[in-house]
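Here is the structure we will look at, set down as C-alpha cells.
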Amino acid sequence: MTDAVTPTKHGFQADVSEVLALVVHSLYTHKEVFLRELISNASDAIDQRGFRALTEPSLAASGAPTIDLVPDRERGTLTIRDDGMGMDESELARNLGTIAHSGTKALLQSLSGDQRKDLNLIGQFGVGFYASFLVADRVEVVSRKAGGDGRAFRWESDGKSGFTVTPAERDAPGTDVILHLRESERDFLREWTLRELVRKYSDFVRHAIRLECTTEKDGAKTRALEQVNRGAALWTRPKSEVTDAQYEEFWKHVSHDWEPPLAWTHFKVEGSQELTGLLFLARRAMPDMPEIRGKGVRLFVRRVFIMDDCEDVLPPWLRFVRGVVDSDDLPLNVSREFLQRDRVSAQLRKHVTRKVLDLLEELAAEGRRDVPDAPAPKEGDDDDDSPKPVADRYAHFWRTSGRILAEGAHDGEHGERVQKLLRFQTSAGEELTSLPSYVSRMAESQPAIWYVPAESRAAALASPHAERLRKRGYEVLLAVEPVDEWVLQNLREFGGKKIVSAAVADLELPEDAKEKEEREKQAGELAPLLASMKESLAASVRDVRVSARLSDAPACLVHDAWEASPRLERMLRAHDRTYEGGKRVLEVNPAHPFVRRMNDLCGDDAQKDRVRDLATLLYDQALVAEGSPPSDPVRFARQVADLLVQSVPAAQGAPAK
Ligand code: ADP
C-alpha cells in the first residue's frame, strides 16, 4: 500500500458475503460472464453520465466515451476502464459493499438450499460486480466522480474479509476496475480470448469497447487501443441483420438472466410517432416484487438513455416484459411526471402495448411446435446445461406470467384482447382452454359459461356445485388460481354468453318441464325437513331449500352472484380477522338417502334434538366439502366420532363399555 493514509477498513454487509459465496459456488462453470457484467456496469455508468450532462453540460466527457480493456501480463491484472459517472468515497462503500436492492435480502432468506444454487435467481440479485471474484482473488476499483470535488478513491477487497477505501489518483472522472487474476485464470489476459468474449457477449454495447493490443515490430513493442465491438445499439439495426444468438445475448445484457429468453419482438413504429422497441419475455417467472424485478423496460430518446424500469411505457399488467424502447418524439428532458400526463407518451404506451399483445397472440396461435431435441453435449462443451427449447411457448408463458397478464382483462382499452389470451383449467381435459374455444364447444342448450372456484384441480372436479352439470356432460372451467375467480366474476360476460359460477344461488340449469315438476314435488315432500333445518340453522344460513344442482353430495352452500365465494372469503379473512361474510343458502339433495331419512325423522317429536344435531352436521359437512373449515370443529369431530361408533356394531360377547 503506497498511500500514507491508514485505510478505512469495512466489513461487508452480512448478506454480501453470503451472495459472494453463492456467486462463486454457483457460477464457477460460467466464469467468463464476469466480463459481460463489468462491461454492462461501465456502459450504464457512461449512460448515466450522458443523461446527467443533458442538464449539467459541465459533466460531459470530452470526446466520445469508451470502455477500455487493458490486460497486463507482467502484473497479472485486467483493467476495465470507463469514463462514466464514477463514484465518490461513500458511493464506493455503499454500492460495492452492500446489496443495492432492498428486496434482495428478503428474497435470499426465502430461498431453499436448492433454489440458492439456481443460476437464474442468482442473476436477479444484480450481483454483476461480484462476478469479478470468479476470476480474481483481489479487486481494486479506482474511481472519481464526475462533477465531484476532483478527489479519487480506491476500493479494494479480496472478496472475503471485507474491503478498504483509501484516497487515490485519477486524471479524469470515471472508474477503473482492476482484477488481480488468479494464477489459473490468466487466459483472460490473452487478446484473442478477450476479443472473442466481447464479440460473444457485448458486441451490441453502444459505446466503443477498446482492447489494448501489443504489436511487435523490429523488436519494439507498441501498445494501441483497438475497438473490438461493433458498437451500434442492437435495436437500431435492421431485423434481418441480427441473429437469434445476438438477440439472446442482448437479453442477458439487459436482464442479468442466465437463460435465453422465451420470445422477443423487435419493432419499428413509423408515422405520427417514431419509435423502436426490442422487448422480451423471460423463460422463468421473475419474482413479482418491484425491488428485484430488475430493470424492466429501459427508455431511450433518440439513442440517449433516459431511465431504467420505465413504468410508463407499459401498463402494470405487462410488468413481466423487459427490454428497450427508443422514442424519436419525446423530449430528452422527460421525467416520470411528464410521462404520466403527456399525450405523446400516452400514444407511445398504446403502440408498445399493442406490440406486446401482438407477440402474445402470435405465441398463442403458434400452438405446440416441433422442437428438435437438444443436441447431445459434446466433450468439453461447457454449455451442456443450456435449457431445452420450449415446445408450447404460450402455455409456458401462461404458467410463468399468466397471473399478471390476467390483471389486464378489465382494461378499458386492451381488455378484449387480454380476455382472449386468458387460459383456464377445464373439466374437459388436462390442457388449458381459452374462452373462445370453450364457447365454440358450448352446447345449444347451455345458457352460460360455467366455472367452479376451488383450491385445486382435484377439488374443483369433485365440487358438489358442478355435479349435475358435469353428469350431463357440460364443460365447466375450473377456477383454481385466485386470479381466475376475480377475472371471471368481474367479466360477467364473454362473446355474448354470461359467465356464471356454479356456486351461485340462482344458477340456471338446463332443466325440462318434467324435471322441474319433479323437483317441486320433492320440495313439497321435504317441507317438514326444510322448515326444521331453517329453524335450527337460522344463525348460520339465510335459507334451506331443495337443490337441482346436486347429484351425489347430500348438500352444498350457495351464494349470490355478487357475493364473494367462500374461497375469496377465506382470503379476505386471512387479511382481516374481523371480516364477516354474508349468510349463504344451504341446498339439500332431495334424492339423497340421508336427506330423505332425516325428513322421515321430522314427523317424530321425540327425535327433535337428533334432527337438530344432524342438521348442524350436514351444514358442517357442506362446509368441509367446499374446502372451508367446519363452523364448530370440536362439535363436528365429536359428531363424526359418534357416527363412527354407530357404524361398527360391537362384536358379540365383547365387554360392554
Ligand atoms: P447492479 O449493476 O445490478 O446495480 P452491481 O453489483 O453490478 O449491481 O453494481 C452495484 C452498483 O455499483 C451499481 O448499481 C452502480 O451504482 C455501481 N457501479 C458498479 N460499477 C460501476 C462503474 N463502472 N461506474 C460507476 N458505478 C458503478
Sole exception among (1) buried (at least 16 other Cβ atoms within 10 Å of the Cβ); (2) aromatic (Phe, Trp, Tyr); (3) more than 16 Å from the ligand (Cβ to nearest atom) for Trp192, by number
(1)
Would you check which residues across segment 40-67 are within 18 Å of His253 (Cβ to Cβ) and either of a type in the set (D, E, K, R) or in contact with an Asp or Glu (Cβ under 9 Å, 6 or more places away or on another chain) (or both) and list them?
Asn41, Ala42, Ser43, Asp44, Ala45, Ile46, Asp47, Pro65, Thr66, Ile67
Can you confirm whether segment 107-130 contains a residue that is among the acidic types (Asp, Glu), modelled with pLDDT of 95 or more and either within 10 Å of the ligand (Cβ to nearest atom) or open to solvent by 10 Å² or more (accessible area, probe 1.4 Å) (or both)?
no
Can you run down the residue pairs with Cβ atoms below 9 Å, 6 or more apart or on separate chains, where the first is in segment 473-499 and more than 14 Å from Trp562 (Cα to Cα) and hydroxyl-bearing (Ser, Thr, Tyr) and the partner is open to solvent by less than 20 Å² (accessible area, probe 1.4 Å) and modelled with pLDDT under 95?
Tyr474/Gln446; Tyr474/Ala466
Residue list for segment 254-266, filter: open to solvent by less than 20 Å² (accessible area, probe 1.4 Å) and within 16 Å of the ligand (Cβ to nearest atom)
Val254, Ser255, Asp257
Condition set buried (at least 16 other Cβ atoms within 10 Å of the Cβ) and within 22 Å of Ser62 (Cβ to Cβ), scope segment 137-152, selection nearest to the ligand (Cβ to nearest atom): answer is Ser143
Of the residues in segment 52-76, those that are away from the ligand (no atom under 13 Å from the Cβ) and assigned to a helix (DSSP H, G or I) number 6
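Being in contact with an Asp or Glu (Cβ under 8 Å, 6 or more places away or on another chain) and of a type outside the set (Ser, Thr, Tyr) is the filter; apply it to segment 77-87 and report the residue that is farthest from the ligand (Cβ to nearest atom).
Step by step, filter segment 77-87, then rank; the result is Leu78.
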Within segment 157-176, the residues that are open to solvent by 10 Å² or more (accessible area, probe 1.4 Å), more than 13 Å from the ligand (Cβ to nearest atom) and under 36 Å from the mean Cα position of the chain (by Cα) are Asp158, Lys160, Ser161
Answer yes or no as to whether Asp68 is open to solvent by less than 20 Å² (accessible area, probe 1.4 Å) and touching a Phe, Trp or Tyr at 6+ places or on another chain (Cβ under 9 Å).
no
Exactly one of these conditions fails for Ala208: (1) within 16 Å of the ligand (Cβ to nearest atom); (2) crowded, with 21+ Cβ neighbours inside 10 Å; (3) under 36 Å from the mean Cα position of the chain (by Cα). Give me its number.
(2)
Those residues that are more than 26 Å from Gly63 (Cα to Cα) and either touching a Phe, Trp or Tyr at 6+ places or on another chain (Cβ under 6 Å) or of a type outside the set (A, V, I, L, M, F, W, C) (or both), I need them from segment 164-180; list them, please.
Thr164, Val165, Thr166, Pro167, His180
Could you please tell me which pairs satisfy a Cβ distance under 9 Å, a separation of 6+ or placement on different chains, a first residue in segment 80-95 that is more than 26 Å from Glu212 (Cα to Cα) and open to solvent by 30 Å² or more (accessible area, probe 1.4 Å), and a second residue that is within 7 Å of the ligand (Cβ to nearest atom) and modelled with pLDDT under 95?
Arg94/Ala100; Asn95/Phe129
Search result, residues across segment 476-496 that are more than 30 Å from the chain's Cα centre (by Cα) and at pLDDT 95 or above:
none
Members of segment 448-474 found to be open to solvent by 40 Å² or more (accessible area, probe 1.4 Å) and either part of a strand (DSSP E or B) or out of contact with any Lys or Arg (no Cβ under 6 Å at 6 or more places or on another chain) (or both), listed by number
Glu455, Ser456, Arg457, Ala458, Ala459, Leu461, Ala462, Arg470, Lys471, Arg472, Gly473
Taking segment 38-60 and keeping only residues that are polar (S, T, N, Q), modelled with pLDDT of 90 or more and open to solvent by 70 Å² or more (accessible area, probe 1.4 Å), one is left with Gln48, Ser58
Is it true that Val228 is surrounded by 20 or more Cβ atoms within 10 Å (Cβ to Cβ) and either more than 16 Å from the ligand (Cβ to nearest atom) or modelled with pLDDT of 90 or more (or both)?
yes
What's the number of the condition Gly415 fails, among (1) surrounded by fewer than 21 Cβ atoms within 10 Å (Cβ to Cβ); (2) in contact (Cβ under 8 Å) with a residue 12 or more places away in the chain?
(2)
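The values are calculated or read from the model by the stated rules, or taken from the named source; none is laboratory data. Source: prediction; values computed, not measured. Every residue, glycine as well, gets a Cβ built from its backbone with ideal geometry; the counts of neighbours run over all protein chains shown. In case anyone asks, the SASA skips ligands and DNA or RNA and just uses the protein heavy atoms, side chains included. Shrake-Rupley method; radii C 1.70, N 1.55, O 1.52, S 1.80 Å.
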